[in-house]
Amino acid sequence: MKTKNLFVLDEKDDEAVQLFTNLGMPRNLAKTIMYLSQIDECRSADVEQVANLRQPEVSVAMQELRRRGWVAKQDIKGKGKGRPVHVYNPIVQLSEIMKNIEQEKLREFETVENNISELKNIIG
């Protein structure tokens, strides 16, 4: 019988997930990022189990991570008929993801700051 080691999200990870969600990130995406930051590769089922997410939530999170270029997907053909198994590999480190998020939030802040300034000029 094979034994498989699965990581778990601990209190520190939960705290990071909460901070990500405070920044406007969907919770399922934040949980997925925290799990992926601790492994070299995984299947969707691994993320579901460790992050306590449903399959559709993992799919949506993985699509977003792939869109951003943070995760690569590889299809592994199983024995016999049936769908291939999707294996995901993180492409960038958590520190790089954080830099991207920081840049996004700073751009959002600049936009808000500019809009407020323009409103002040219009209203007088």
(message) Check which residues have an amide H placed less than 5 Å from VAL71's amide H, if you skip close sequence neighbours.
(response) ARG66, ILE91
(message) Could you list VAL92, VAL112, VAL47 so that the one with the fewest beta carbons within 10 Å of its beta carbon is first and the one with the most is last?
(response) VAL112, VAL92, VAL47
(message) Could you derive backbone 3J(HN,Hα) for the stretch 7-15 from the dihedral phi with the Karplus parameters 6.51, -1.76 and 1.60 (θ = phi - 60°), listing whole Hz in sequence and x where the residue is Gly or Pro?
(response) 6, 10, 7, 9, 4, 5, 5, 4, 5
(request) Just tell me the longest site-free run in the chain, where the sites are trypsin sites (Lys or Arg not before Pro) in a DSSP loop having at most 16 other beta-carbon atoms within 10 Å. (result) 5-53
(message) How big is the dipole moment of the chain about its Cα centre under a simple scheme where the beta carbon of each Lys and Arg is +1, that of each Asp and Glu is -1, and everything else is neutral? Debye, nearest 20, please.
(response) 900
(request) Describe numerically, in nm with one decimal, the distance between label points set 7 Å from Cα along Cα→Cβ at GLU102 and at GLU15. (result) 1.9
(request) Place +1 on the Cβ of every Lys and Arg and -1 on the Cβ of every Asp and Glu in the stretch 1-91, take the dipole about the Cα centre, and give the residue among GLN63, SER37, PRO84 whose Cα lies farthest towards its positive end. (result) PRO84
(message) For a quick check: sort ASP75, ASP40, ASP14 by the number of other beta carbons within 10 angstrom, fewest at the front.
(response) ASP40, ASP75, ASP14
(message) For the chain, what is the number of Lys pairs with C-alpha distance below 25 angstrom, counting only pairs 8 or more positions apart or on separate chains?
(response) 19
(request) Please express the shape of the chain as an equivalent ellipsoid: the semi-axes are the square roots of 5 times the eigenvalues of the C-alpha gyration tensor, given largest first in whole angstrom. (result) 36, 16, 12
(request) Would you mind ranking MET25, MET34 by Cβ crowding within 10 Å, fewest neighbours first? (result) MET25, MET34
(request) At 37 °C and 0.692 mPa s, grab the translational diffusion coefficient of the stretch 43-104 from Stokes-Einstein with a Kirkwood Rh over Cα pairs, rounded to a whole number in µm² per second. (result) 255
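Since every read-out is calculated from the coordinates, none of them should be taken as a lab result. Quick caveat, the model's predicted, so the values are computed rather than measured. Positions of Cβ are backbone-derived with ideal geometry, glycine not excepted, and every protein chain shown enters the neighbour counts.
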